[in-house]
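One structure is given below, encoded as structure tokens.
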Amino acid sequence: MTQQTTAHWHAAAKSMKIRAHGIIGGKSTQAQSGKTFASVSPIDGAHLAEVPLMDSADVDMAVASARTAFEDGRWSHQPPAARKAVLMRFAELIRESRDELALLETLDMGKPIADSLSIDVRAVANCYSYYGEALDKVYDEVAPTGKDFFAMVTKEPLGVVAAVVPWNFPMLMASWKVAPALAMGNSVILKPAEQSSLTAIRLAELALEAGVPEGVFNVVTGLGPDVGRALGMHMDIDGLFFTGSTQVGKYFMEYAAKSNLKKIGLELGGKSPNIILSSYRDTAHAARVSANSAWFNQGEMCTCPSRLIVEDSIHDEVIEVLKDVAKTYAPGDPLDPATSMGALVDARHTQRVLGFVDIAREEGADVVIGGRKTREKTGGSYVEPTIFDNVTNDMRVAQEEIFGPMISVISVKDQDEAIKVANDSPYGLASAVWTDDLSTAHKMSSKIRAGMVYVNCYDADDMTTPFGGYKQSGIGRDKSLHALDKYVELKATWIKL
Ligand code: NDP
């Protein structure tokens, strides 16, 4: 673990040479139009770089490059053991570039440097080694068809795959798609969010250095309605895998329907219910973990436990603990290793998040603490950790994804009402139940309509478990061996004997 000071990180940020360009066919590429857009740090409003403002002409070039690479087999036809060696080397290079990648991520989207180092970069490297390790253990099948035929069921790469990702965990969300796609032999085009292009570019450079052939991992930078749409509508992309808002996820289904019916995978929003019951032995512990999980990453998480559903009898104690924990999340300098809450991704998002404070008040909820912008003199985008109390589930702060450091507390009379409230949402991503009663834990976790249920914990995490949601939280799963299936076609080959 690197133990660096705030001064060290500021000096490193000052002297850092930021490379901002697309990567197409293994080459650093500017937009054909010559246009760029500014990458601005939410830490202090500093101008970090000019990033190519690509458009559909650049997307065409990236797709052509990825298609050529796929068809000539420079990656897709390599033996699994060879692809494995490259992905393992890639993971090593990420580990060796830990400080650089963490600093870029923090400067670009505002999360605390300690989290970038210990969570993001570590998880990204682990993701490539996990799929590197896995890929030469994937077997094809011989179907039990009887003696007159020999029928093989083989897994073949989809072909050219695009990944469109958000800004909250820029490298990690990209890697959850890029790693399994590469593992199965696809060529990839990655479109990072406009707020966070920098680590995507660096990742693709490291991939080249590790031996991923030119044209197999391309990065196109630019805006969603241009580059993202062009990828979604492209007739020569075989699969598109997206993480982001539910609204944009719906656009991608529409793009696929209007173009070539490319395969679509969606990891979308959430409004995760987190139920603390009086049958849990340690209310204070449950409330502490809940607050930590909600305020981690400035609350900019699809799995944020933003609906805290508590039984009436423990409500007051929960509120007191949340208020105590909030003191440890006072927003600070993201380059200070002691900071636990950094900057929100940009000024526009900050305005949107703060808008929910007025909405909460208008709808009759109480703002117990927080709800204000802070550290304004820095020129950055900081919001205090915020608690809304006396929330009812029909309020917008209980139904809509805020994606900021805000917890809505909803009181219920018993576990039946808790389940009703939990499931009364268009989303179904993560959820939690706190209880010491084994039977209640089983019953409630089976009744909650969500892709992830945590019992007596929140945000337990490992590459081995699938990640994704029910309902409007998405289609398909990232992570685990199950994710490999998204990046292959199954082919049945019949041979008459
Ligand atoms: P978006 O869903 O708008 O953006 C995610 C990605 O999609 C970005 O790369 C974006 O590009 C791209 N995109 C945006 N519009 C289009 C479009 N019309 N066609 C194709 N691609 C598009 O998320 P935002 O970053 O704008 O955040 C808005 C809200 O979405 C958040 O407040 C939060 O509620 C939710 N969200 C959920 C996430 C999750 O993990 N589930 C992650 C991020 C956001 P670009 O940014 O360059 O425009």
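Restricting attention to segment 263-289, the residues that are β-branched (Val, Ile, Thr), closer than 20 Å to SER473 by Cα and open to solvent by 20 Å² or more (accessible area, probe 1.4 Å) add up to 1.
Of everything in segment 426-447 that is open to solvent by 10 Å² or more (accessible area, probe 1.4 Å), outside any helix (DSSP H, G or I) and not charged (D, E, K, R), the residue that is farthest from LYS271 (Cα to Cα) is PRO426. Taken as a whole, the condition of being open to solvent by less than 20 Å² (accessible area, probe 1.4 Å), of a type outside the set (S, T, N, Q) and within 20 Å of the chain's Cα centre (by Cα) applies to GLY232.
Is it the case, given these coordinates, that SER278 is away from the ligand (no atom under 16 Å from the Cβ), part of a loop (DSSP other than H, G, I, E, B) and polar (S, T, N, Q)? Yes. Scanning segment 324-346 for residues that are part of a helix (DSSP H, G or I), surrounded by fewer than 16 Cβ atoms within 10 Å (Cβ to Cβ) and not polar (S, T, N, Q) turns up ASP324, LYS327. The criterion of being out of contact with any Asp or Glu (no Cβ under 6 Å at 6 or more places or on another chain), in a helix (DSSP H, G or I), within 12 Å of the ligand (Cβ to nearest atom) and open to solvent by 50 Å² or more (accessible area, probe 1.4 Å) holds for TYR251. Residue count for segment 179-212 satisfying the condition of being surrounded by fewer than 24 Cβ atoms within 10 Å (Cβ to Cβ) and either among the charged types (D, E, K, R) or within 10 Å of the ligand (Cβ to nearest atom) (or both): 5.
A single entry from ASN292, ASN260 fulfils the requirement of being more than 8 Å from the ligand (Cβ to nearest atom), open to solvent by 30 Å² or more (accessible area, probe 1.4 Å) and more than 30 Å from ASP324 (Cα to Cα): ASN260. Among the residues making up segment 142-151, those that are touching a residue at least 24 places away in the same chain (Cβ under 8 Å) and in a strand (DSSP E or B) are ALA143, PHE149, PHE150, ALA151.
Could you tell me which residue of segment 216-228 is farthest from the ligand (Cβ to nearest atom), considering only residues that are under 24 Å from LYS35 (Cβ atoms) and surrounded by 20 or more Cβ atoms within 10 Å (Cβ to Cβ)? Looking at the filtered set, the residue picked out is PHE217. Condition (residue is more than 16 Å from the ligand (Cβ to nearest atom), within 27 Å of ILE275 (Cβ to Cβ) and out of contact with any Asp or Glu (no Cβ under 7 Å at 6 or more places or on another chain)) applied to segment 338-353: is it met by at least one residue? For segment 338-353, residues more than 16 Å from the ligand (Cβ to nearest atom), within 27 Å of ILE275 (Cβ to Cβ) and out of contact with any Asp or Glu (no Cβ under 7 Å at 6 or more places or on another chain): present.
Looking only at segment 448-461, which residues are closer than 19 Å to ALA287 by Cβ, at pLDDT 95 or above, open to solvent by 40 Å² or more (accessible area, probe 1.4 Å) and not in a strand (DSSP E or B)? Within segment 448-461, ASN456, CYS457 meet the criteria.
For every residue, the table says whether it meets (1) more than 16 Å from the ligand (Cβ to nearest atom); (2) surrounded by 16 or more Cβ atoms within 10 Å (Cβ to Cβ); (3) free of Cβ contacts under 8 Å to residues at least 60 places away in the same chain.
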{"position": "PHE90", "(1), (2), (3)": "yes, yes, no"}
{"position": "LEU93", "(1), (2), (3)": "yes, yes, no"}
{"position": "ASP99", "(1), (2), (3)": "yes, yes, no"}
{"position": "ASP120", "(1), (2), (3)": "no, yes, yes"}
{"position": "VAL153", "(1), (2), (3)": "yes, no, no"}
{"position": "GLY159", "(1), (2), (3)": "yes, yes, no"}
{"position": "LYS177", "(1), (2), (3)": "no, yes, no"}
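Select from segment 387-425 the residues that are in a helix (DSSP H, G or I) and not basic (Lys, Arg) and list them in ascending order. Result: VAL397, ALA398, GLN399, GLN415, ASP416, GLU417, ALA418, ILE419, VAL421, ALA422, ASN423.
The values are calculated or read from the model by the stated rules, or taken from the named source; none is laboratory data. All of these numbers come straight from a predicted model, not from anything done at the bench. Note: ideal-geometry Cβ built from the backbone for every residue, glycine included; neighbour counts use all protein chains shown. Heavy atoms of the whole protein, side chains included, go into the accessibility calculation; ligands, DNA and RNA do not. Shrake-Rupley method; radii C 1.70, N 1.55, O 1.52, S 1.80 Å.
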